[in-house]
1. Can you tell me which of V168, V156 is surrounded by 18 or more Cβ atoms within 10 Å (Cβ to Cβ), within 17 Å of I109 (Cβ to Cβ), touching a Pro at 6+ places or on another chain (Cβ under 7 Å) and of a type outside the set (S, T, Y)?
2. With the checklist (1) at pLDDT 95 or above; (2) among the hydrophobic types (A, V, I, L, M, F, W, C); (3) more than 18 Å from V189 (Cα to Cα); (4) assigned to a helix (DSSP H, G or I) in hand, flag the one item L161 doesn't pass.
3. Do you know which of the residues in the range 171-190 that are at pLDDT 95 or above and β-branched (V, I, T) is surrounded by the most Cβ atoms within 10 Å (Cβ to Cβ)?
4. Just for the range 83-108: of the residues that are among the β-branched types (V, I, T) and closer than 17 Å to G193 by Cα, which one is nearest to the chain's Cα centre (by Cα)?
5. Which of the numbered conditions does D129 fail, given that it passes all the others? Conditions: (1) out of contact with any strand residue (DSSP E or B) (no Cβ under 8 Å at 6 or more places or on another chain); (2) in a helix (DSSP H, G or I); (3) surrounded by 17 or more Cβ atoms within 10 Å (Cβ to Cβ).
6. Scan the range 111-155 for residues that are without any contact (Cβ under 8 Å) to a residue 60 or more places away in the chain and within 13 Å of the chain's Cα centre (by Cα) and jot them down.
7. Within the range 74-102, count every residue that is surrounded by fewer than 24 Cβ atoms within 10 Å (Cβ to Cβ) and over 20 Å from L187 (Cβ atoms).
Amino acid sequence: MNWRKVGFSFFEIWESLWQASSMPAMLYALAQFLKISVARIPSSKNFEISTINMTRIRNNGDDDGVLSNVDNMGNGMNKVLPGLYIGNYQDSKDADQLERFEITHILAIHDTARRLHSNKHYLCILAADRPDQNLSQYFSLCNDFIHAARLRGGNVLIHCLAGMSRSVTVAVAYIMSTTNLSWKEALKVVRVGRSIANPNAGFQQQLEDFESSRLQEVRSHRRKSF
């Protein structure tokens, strides 16, 4: 598989959908084939991952006291596209899972996000799962972290607490930025791999606003930069 791509190819998406055994979603992906752009990355491009490694962005929120209640959430992390996984807080602590899925990079986005494994590249963003929480301000930073990992052939785990809202929002924004998919179409792709994906109403509105106001500029910048 050629990882030196800006976007996900049709065949990469098809592979994930085939593994999920979702015929409706496979047909949906086929219908979207002509809308997905795939750009090649110049071999000379060198993105320094360490410049955004373990960045901490502080924000108000209240996940304290909740972490102990997430151990039984979900059934493990899910592969939503090649090199991109979504999970919950418990998954992020599970060294066996991280080893099994060869996770090299972890994007933690919740109120008490912090580094848990010294041998992983981290991006930690402190953000609450509230409709009024501004996640869109972090889309570019998250996109760069995910993209740099993929260019190096790494596997990224995005996680919040339950792996339903904050982490999914970040994944959707990244897929939007690297393909021609709308936010609703990108969310459908994520839901094929992780059926519980459900950004809160405020985050959905932010994705819609991102699509209508900044997305074309972000896509153009990515094509020029990579």
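The values are calculated or read from the model by the stated rules, or taken from the named source; none is laboratory data. Values in this document were obtained by computation on a predicted structure and should not be read as measured data. Here the Cβ is made from the backbone with ideal geometry for all residues, glycine too, and neighbour counts use every protein chain on show.
1. After applying the criteria, what remains is V168.
2. (4)
3. Among those residues, the one meeting the criterion is V172.
4. Checking each candidate, the answer is I86.
5. Single failed check for D129: (2).
6. The one that is without any contact (Cβ under 8 Å) to a residue 60 or more places away in the chain and within 13 Å of the chain's Cα centre (by Cα): C142.
7. Selection size over the range 74-102: 13.
For (1) at pLDDT 95 or above; (2) in a helix (DSSP H, G or I), each residue gets a yes or a no:
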residue: F145; (1), (2): yes, yes
residue: R150; (1), (2): no, yes
residue: G153; (1), (2): yes, no
residue: L157; (1), (2): yes, no
residue: V192; (1), (2): yes, yes
residue: G202; (1), (2): yes, yes
residue: L207; (1), (2): yes, yes
residue: K224; (1), (2): no, yes
